[in-house]
Amino acid sequence: MSLHEFIAGLPKAELHLHIEGSLEPELMFELAKRNRVSLPLDSVEAVRAAYDFSNLQDFLDIYYSGADVLRTEQDFHDLGLAYFRRAAADSVRHAEIFFDPQTHTDRGIPFQVAIDGLLASMDRAEAELGISSRLILCFLRHLDEDAAFATLKAAEPWQDQILGVGLDSSEVGHPPSKFQRVFERAGDMGLKRVAHAGEEGPPDYIWQALDLLKVDRIDHGNRAMEDPALIRRLVEQGMTLTVCPLSNHKLCVVDDLARHPLPSMLDAGLKVTLNSDDPAYFGGYVNRNYEAMADQTGVTRDQLVEIAINSFAGSCLPEADKARHI
Ligand code: HPA
Ligand code: ZN
């Protein structure tokens, strides 16, 4: 069996996926037409060609403008279902997906529209594709604490249908400490906590995510490799890191996939998982991330299995379900 066939058949969980980042240009045009939204570029090819980023902010500007075509519950449902179909083809059995409610409420789309559409797609994914999934509500860290508190308040009617809270958007200049109190409230509500940290930001942001936000996972975490004491802490705590190689390459977090820190992260004993982040923008779904690392860094089949096991172990599935997958 070829390496790519092996990866294709490997059951896995996806723990770092922004549903808005799975909006393929084809669906973007379909929704633009459905909702009579005009797009700045006039073809799928032109949109794809524009996905040439030099840093996180470059990408975010395009990502937020793309999300403007999402207007109705049906749109969010279609977006979700398209992702789950793609994930099922990659042997994803469980997904914990991020959504960014503020990206929608700030342009007049009610919280209810986004979440009910996504929840409907998740029900279909379970029934039709056998994929289980949960939602993680992300706060946009470039916005202020009050806005994050208001978002958490808006989520209260759906509290039982939300797995946890996350922190995304522009990292540098927006440290985890800015959201300490919001994360404390989320913890009091019984929600899981995760945060993007150490993607572009310094190792100190990872320390803050651990000590101030009390996170259950670190999203990205690449820059932990600059701080041996932090590596020790993450290993001791058995902390799961949701690493996204194609994203790292497209956003110039790493200049060459062959020099991605994944092998040294595994050698250090970190609980690494591989994920697609924003697959429509970064050139591939989860299996492409596994393939890129296998082809370019030489991680072994045994290590790929270890990564897939980490993905279930680091998920928030009940222990009995984890055991079933592992
Ligand atoms: N980093 C931070 N925020 C994001 C990302 C990312 O890769 N994708 C969507 N929002
Ligand atoms: Zn991300």
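Free of Cβ contacts under 8 Å to residues at least 60 places away in the same chain and closer than 20 Å to ARG134 by Cα - does that describe any residue in the stretch 232-240? Taking every residue of the stretch 232-240 in turn, at least one turns out to be free of Cβ contacts under 8 Å to residues at least 60 places away in the same chain and closer than 20 Å to ARG134 by Cα. For the stretch 169-192, the criterion of a residue being β-branched (Val, Ile, Thr), buried (at least 20 other Cβ atoms within 10 Å of the Cβ) and either within 13 Å of ligand 1 (Cβ to nearest atom) or within 21 Å of SER276 (Cα to Cα) (or both) is satisfied by no position.
Scanning the stretch 246-260 for residues that are of a type in the set (Lys, Arg) and under 18 Å from the mean Cα position of the chain (by Cα) yields one hit, LYS250. Is it the case, given these coordinates, that VAL113 is modelled with pLDDT of 95 or more, surrounded by fewer than 21 Cβ atoms within 10 Å (Cβ to Cβ) and touching an Asp or Glu at 6+ places or on another chain (Cβ under 6 Å)? Criteria met by VAL113. Only one entry in VAL286, VAL235, VAL253 is within 23 Å of VAL305 (Cβ to Cβ) and within 16 Å of ligand 2 (Cβ to nearest atom), namely VAL286.
Out of everything in the stretch 266-283 that is within 16 Å of ligand 2 (Cβ to nearest atom) and under 24 Å from SER2 (Cα atoms), what residue ends up being surrounded by the fewest Cβ atoms within 10 Å (Cβ to Cβ)?
Initially, the stretch 266-283 is screened for residues within 16 Å of ligand 2 (Cβ to nearest atom), giving 272-283.
The next check asks that each one be under 24 Å from SER2 (Cα atoms); those that pass are 272-276, 279, 283.
Details: VAL272: 24, THR273: 27, LEU274: 30, ASN275: 27, SER276: 31, PRO279: 27, GLY283: 17.
Filtering the stretch 266-283 for residues that are within 16 Å of ligand 2 (Cβ to nearest atom) and under 24 Å from SER2 (Cα atoms), the one surrounded by the fewest Cβ atoms within 10 Å (Cβ to Cβ) comes out as GLY283.
Quick one: is SER133 among the polar types (S, T, N, Q), in contact with a helix residue (DSSP H, G or I) (Cβ under 6 Å, 6 or more places away or on another chain) and either modelled with pLDDT under 95 or in a strand (DSSP E or B) (or both)? In short, yes. The set of residues from the stretch 314-326 being touching a helix residue (DSSP H, G or I) at 6+ places or on another chain (Cβ under 6 Å) and touching a residue at least 24 places away in the same chain (Cβ under 8 Å) comprises just one member, HIS325.
Select from the stretch 262-306 the residues that are acidic (Asp, Glu) and not in a helix (DSSP H, G or I) and write down the one among them that is farthest from GLY66 (Cα to Cα). That would be ASP277.
From the list PHE149, PHE99, PHE84, the lone residue that is among the aromatic types (Phe, Trp, Tyr), more than 16 Å from ligand 1 (Cβ to nearest atom) and under 19 Å from ASP278 (Cβ atoms) is PHE84.
Selection of the stretch 201-220 for residues being touching a residue at least 40 places away in the same chain (Cβ under 8 Å) and surrounded by fewer than 20 Cβ atoms within 10 Å (Cβ to Cβ) yields only ASP216.
Residues that are polar (S, T, N, Q) and within 20 Å of ALA95 (Cβ to Cβ) within the stretch 160-210 comprise just one, GLN161. Scanning the stretch 234-265 for residues that are in contact with a strand residue (DSSP E or B) (Cβ under 7 Å, 6 or more places away or on another chain) and surrounded by fewer than 19 Cβ atoms within 10 Å (Cβ to Cβ) turns up just one, GLY238.
Of all residues in the stretch 140-154, exactly one satisfies the criterion of being crowded, with 20+ Cβ neighbours inside 10 Å and touching a His at 6+ places or on another chain (Cβ under 8 Å), namely ARG141.
The values are calculated or read from the model by the stated rules, or taken from the named source; none is laboratory data. These numbers come from a predicted model, not from an experiment. All Cβ positions, even for glycine, are placed from backbone atoms using ideal geometry, and neighbour counts span all protein chains on display.
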